[in-house]
Amino acid sequence: MSRLLVTALAAALFAAAAVAADPPKPDVNPDQLGTTQAINYYVAAGWEKAGIKKPADRCTDAEFLRRACLDLLGRIATVEEVLDFEQDKSRDKRAKLIKRLLYGVPEVKDGKPVLDKEGKPVAGPYTPKVDGKAVKGADGKDVTFDYPAEFAEHWANMWTVWLMSRTGHPSYRGYMQAWLWQQFYENRPYHEIVRELITATGSTNRNGATNFIVAHLGDPVPQAQQKEYGVHDAVPVTSRVTRLFLGLQTQCTQCHDHPFNKEWVQPDFWGVNAFFRQTKRSATPTPRNTGNNNNMMLQDKIELTDDASLNGGAKVQFEQRNGTPASIRPVFLKDYKAAMDGLKSDKKLSTAEGNKTRRQVLADFLVTHDNFAPAMVNRVWGHLFGRGLNKDPGVDDFGSNNEVIHPELMTRLAGDFKKYNFDTKLLLEVVCTSDVYGLSHVASKGYEDAKFDAFFARMPLKAMSPEVLYESLTLATKSVPADKNERATRRDDWMSKLVRNFGDDEGNEGTFNGTVIQALLMMNGRDLNREVTRAGGVVDQAVQKHARNGVVNVNGVIDELFLTALNRHATPSELAALKDIQNGAVVSGREDKDDKDDKKDPKKDPKKDPKKPDPKAPPTVIMGTTAADKKFYQDVFWALLNTTEFMLNH
């Protein structure tokens, strides 16, 4: 397919006009404001402190819809959703969209809302409308969306990666994902989800929550020492628990005191570790299938239990940096404020706990820790904005060496999160309806430097995760398998190819750059080409939709492809560029506005710019084609799917 289309489109992409937004003015008492208004207040105060006089403009409605769908549902929007949203002229359309994506719409029967056993409205499917009429599918039925189910699937997928990594056996991750889906679908309070993950018992195939601890119990303790020190060393799960749920990276304190955050020392790690020394699993999890172990039998049913006869002395031994041995009893991490004040932890295992297992005591300490709510707030904020509220962009690295840039905002959000019973959807709602979430990704002049990123004067560009990219590509190409099992198999196959290029097995995402994008395209070019050229696929449907009496509306087809891939209409300049190509045009050596601007800048030399054609080279001529030539539209669609605008969340 013609790669020249990418060049022809490059100058016009990201060019949609944005409506200017008045920055919120920090001139009132924030304690009297609702949570969303408080977010506006504190972020605006941060702008003033950083000397930012003008934040980015308000993003377009199309950009907002796509952003919200990617963040909350894990996919781009559909054409039906784009048209439905743009026809809503109400002032609060964005807030209504966020509520719809999070909670769905009330199911109605006989003109009345359907209620569940607790008297709460039951969420029903949402039907988009165009020109006031419900959109019909190819089968003649109304097109509907079950947003609560989509939300649950996306957030279950994300948390499965964070809890289990991408490199474990898909069966265990599947059990975990299924359990998490139910928790997010029911909008179960976050602290209850975490408590169950920490205390879960039973088999991996019946209680999905057990898979987290089972996967990370670590190496076996020597047989002769297991009665005294427990069956497993529990090193991996120790660092994962503190990092995932408290935002505290204790992994390096396994061997020595923290080199940067002096408040965390080696005994802190082993004090937490001791809470896991009475936990055991019945078998070692089967690793992911590779060329060397394809025939390995799956340990499908692994039992996770607590055995009070193990580690009866309640001591864990560890070797200090100087080589001398030391030991410690179960002691949980001190509160974050206490750590900053140089105090010691008083969160010790005591006989007053009665019949509680050590993990149950650990869960009590964990969900009442003063950094439990801030850690989740920072994780959610980082998911939505591409970075946390700390100086460094990571979401899970609190410490004296990484100050919180927006402490008042963090305190308010964490306080309200706890106040409203750790309601994850409510936290997402208040942030996604704030002014800062609705800003454009294009910074105002003078504030493009990365030093301003921590003040959120624009929406940072965010790389799609491999899972989101898969869902968005299959949706755009209309190749989502109807069978749930087939869909899971195809996604797992996709992930097995991409996991090497995206981040690591800790769930950290790599940064998108040209090299990664090129590797992605080369690896999946055949699959993508097959879907783009598929008979009865997106292009065929677009041509059929915009043909009347044998005449194809070129603008209509192109606009349909833009809506499908980029969730926005094609701009006049994009339409003109593509019609030039369709009609036959010289596309290399032609001077455009960007070329003229470069010539005015003495620092830019077109002859040395590898992105520009050699002025001495002969021009490239593209032969014209007809309005009904599907090959041309396939090239356009392929080019759109390969743009950074498609691959990035902006």
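The values are calculated or read from the model by the stated rules, or taken from the named source; none is laboratory data. Values in this document were obtained by computation on a predicted structure and should not be read as measured data. With ideal geometry, Cβ positions are generated from the backbone for all residues, glycine too; neighbour counts draw on all protein chains shown. Heavy atoms of the whole protein, side chains included, go into the accessibility calculation; ligands, DNA and RNA do not. Shrake-Rupley method; radii C 1.70, N 1.55, O 1.52, S 1.80 Å.
Things worth noting here:
- Counted residues, the range 164-194 - those being assigned to a helix (DSSP H, G or I), open to solvent by less than 50 Å² (accessible area, probe 1.4 Å) and out of contact with any His (no Cβ under 9 Å at 6 or more places or on another chain): 14
- Looking only at the range 429-454, and only at residues there that are in a loop (DSSP other than H, G, I, E, B) and not hydroxyl-bearing (Ser, Thr, Tyr), the one that is most open to solvent (accessible area, probe 1.4 Å): LYS445
- Meets criteria (within 17 Å of the chain's Cα centre (by Cα), under 26 Å from TYR103 (Cα atoms) and among the β-branched types (Val, Ile, Thr)) for VAL468: yes
- Within the range 455-489, being farther than 20 Å from PHE151 by Cα and either assigned to a helix (DSSP H, G or I) or modelled with pLDDT under 85 (or both) holds for PHE455, GLU486, THR489.
- Pairs meeting the criteria (first residue in the range 474-496 and under 24 Å from THR167 (Cα atoms) and touching a residue at least 40 places away in the same chain (Cβ under 8 Å), second residue of a type in the set (Lys, Arg) and open to solvent by less than 60 Å² (accessible area, probe 1.4 Å), beta carbons under 8 Å, at least 6 apart or on different chains) are MET495/ARG166.
- The numbered conditions (1) over 16 Å from VAL316 (Cα atoms); (2) in a helix (DSSP H, G or I) are all true for PRO259 except (2).
- Pairs with Cβ under 9 Å, 6+ apart, first in the range 115-130 and touching a residue at least 24 places away in the same chain (Cβ under 8 Å), second assigned to a loop (DSSP other than H, G, I, E, B) and not polar (S, T, N, Q): ALA123/GLY104; ALA123/GLU107; ALA123/ASP146; TYR126/GLY104; TYR126/ASP146; PRO128/VAL135; PRO128/VAL143; LYS129/VAL135
- Among the residues of the range 195-232, the one identified as crowded, with 16+ Cβ neighbours inside 10 Å, of a type outside the set (A, V, I, L, M, F, W, C), without any contact (Cβ under 8 Å) to a residue 60 or more places away in the chain and more than 19 Å from GLY168 (Cα to Cα) is GLU196.
- Sole exception among (1) under 17 Å from ALA488 (Cβ atoms); (2) touching a Phe, Trp or Tyr at 6+ places or on another chain (Cβ under 6 Å) for PHE184, by number: (1)
- Counted residues, the range 545-572 - those being open to solvent by 70 Å² or more (accessible area, probe 1.4 Å) and either modelled with pLDDT under 95 or not in a loop (DSSP other than H, G, I, E, B) (or both): 7
- Residues of the range 395-415 satisfying the condition of being among the small types (Gly, Ala, Ser) and surrounded by 16 or more Cβ atoms within 10 Å (Cβ to Cβ): GLY399, ALA414
- Checking the stated criteria, GLY104 turns out not to satisfy the condition of being under 21 Å from GLU429 (Cβ atoms), crowded, with 16+ Cβ neighbours inside 10 Å and without any contact (Cβ under 8 Å) to a residue 24 or more places away in the chain.
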